[in-house]
Amino acid sequence: MNAIELSHVNKAFGDFSIQDLSLTVPEGTICGLIGENGAGKSTTIRLLMHALRADSGNLSVLGIDVNAPEFLAVKQDVGVVLDEAYFPEVMDAVQVGKIMASTYTRWDAAQYAGFLDRFQLPRKKQFKDYSRGMTMKLAIAVALSHAPRLLVLDEATAGLDTIVRNEILELFRDFVSQPNHSILISSHILSDLEKLCDYIAFLHQGKLVVSEEKDRLLERYGLFSGTAEQFAALRAEAVAGVEHLAYGGVRALVRRAAAPAALSLEKPTIEDIILFLVKGEKAA
Amino acid sequence: MEIIIRNFDNQPIYEQIANQIKAMILSGQLSPGDALPSIRALARDLKISVITTKRAYDELEAEGFLSTVAGKGSFVAEKDLRLVREGQLRQLEAHLEQARALAARCGLSLQETLDMARLIFEEELQ
């Protein structure tokens, strides 16, 4: 089964639109949604949570169409962290826990308390006095404490320092090590997603440009660095993106399959691949 | 069981895993019937993608090194290792024949070719 399925989804507002977006996240996997600010990541997530209604197309979460009446029950199975804070300002962590206990049928108070300790979140501090990092930690603690099968995370690691981010990535890995647990996570910190994800989906100006298994994407390309002369010897179909540097150097993203086997290429990062692909598109 | 993933290696991760498990089976470090970690556990422990881990196991299974029992996990298969070794030796012979032909084309003597081989072997040892 697919944890998430979008098929030919369109949504327009103002001068921005999501165009013909089709994306699946198979159960048991982690999909990283990447793209620059305004590419449509948060819109996609809001459409999935039915906080926004699509103009056309189908969306389903854990096998249930978001327009179906049963979708309300699905929300029990989905842990959501959005990029904006949404707890009432005057509440503290203990009060948030009480509200969640009456919202979620499978709320685990002991687990929640464990996360508060682990994240060193103060119990009596009011939410309005929270830092960005504390807000994200509280939202993640809530999302993980009601026995979800799917986590939907919008910039959940933004504003956290490297050490805490790694700790949280570790929690996400623990989460998917349980059978049938899946994650859709958006982030602009590509190195985090490169460490975590099985699939990478890249949105650019409302369109899905890349949707692919992460390791296959990394295997397909190599980074070339050399002189203009060496670069000219490459076949045109081997070049996916190119950057001419000062002092005669050329850096290029190369399709390994079309490049000579003896050519020495560096292993790219997801960030390299995305930057070259976007630049290539602008040049075209 | 020891598996080392090198991120800066140009060899795909699934190949790194498959080759290391294969080497452990061929060297007798893993014996037929030994249980391997589940795909999810291995992916988690190595901090890599489950899909990539599954690809490594699928490849090992296709080559007859592993067998997977639904609901129980993956095990080192009963495989005639002499046959595997035999196959690998034939491969080695074929590669050496290619190397000999290349050496001849470059006008390298046997001694020069052996010197080159020695260098490669010593590099690997370091």
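The values are calculated or read from the model by the stated rules, or taken from the named source; none is laboratory data. No experiment lies behind these values; they were computed from the predicted model shown. Glycine also receives a Cβ, built like all others from the backbone with ideal geometry; neighbour counts cover every protein chain displayed.
Structure notes:
- Number of the exception - residue A:172 against (1) within 11 Å of chain B (Cβ to nearest Cβ); (2) outside any helix (DSSP H, G or I): (2)
- Among residues that are modelled with pLDDT under 90 and in contact with a helix residue (DSSP H, G or I) (Cβ under 9 Å, 6 or more places away or on another chain), residue A:65 is not included.
- Subset of region A:2-37 [touching a residue at least 40 places away in the same chain (Cβ under 8 Å) and in a loop (DSSP other than H, G, I, E, B)]: A:27, A:28, A:29, A:35, A:36, A:37
- Residues of region A:175-225 classified as surrounded by 21 or more Cβ atoms within 10 Å (Cβ to Cβ), within 9 Å of chain B (Cβ to nearest Cβ) and of a type in the set (Ser, Thr, Tyr), total: 1
- Criterion: surrounded by 13 or more Cβ atoms within 10 Å (Cβ to Cβ), at the interface with chain A (Cβ under 10 Å from one of its Cβ atoms) and of a type outside the set (Val, Ile, Thr) - qualifying residue of B:49, B:67: B:49
- If the condition is being free of Cβ contacts under 8 Å to residues at least 60 places away in the same chain and part of a loop (DSSP other than H, G, I, E, B), then region A:115-146 contributes A:119, A:120, A:121, A:122, A:123, A:124, A:125, A:126, A:130, A:131, A:145.
- Within the set B:66, B:102, B:110, the sole residue that is among the hydrophobic types (A, V, I, L, M, F, W, C) and within 15 Å of the chain's Cα centre (by Cα) turns out to be B:66.
- Pair list, Cβ < 9 Å and 6+ apart or interchain, from region B:1-23 residues that are farther than 17 Å from residue B:57 by Cβ and within 8 Å of chain A (Cβ to nearest Cβ) to residues that are outside any helix (DSSP H, G or I) and of a type in the set (Gly, Ala, Ser): B:10/A:222; B:10/A:264
- Residue in region B:29-40 that is within 24 Å of residue A:195 (Cβ to Cβ), part of a helix (DSSP H, G or I), within 9 Å of chain A (Cβ to nearest Cβ) and in contact with a Ser or Thr (Cβ under 8 Å, 6 or more places away or on another chain) present: yes
- Matching option when the condition is hydrophobic (A, V, I, L, M, F, W, C) and modelled with pLDDT under 90, among A:258, A:252, A:246, A:238: A:246
- Unique residue being within 14 Å of chain B (Cβ to nearest Cβ) and not aliphatic (A, V, I, L, M) when the list is A:57, A:38, A:28: A:28
- Within region A:198-217, one or more residues are assigned to a strand (DSSP E or B), in contact (Cβ under 8 Å) with a residue 40 or more places away in the chain and closer than 30 Å to residue B:72 by Cα.
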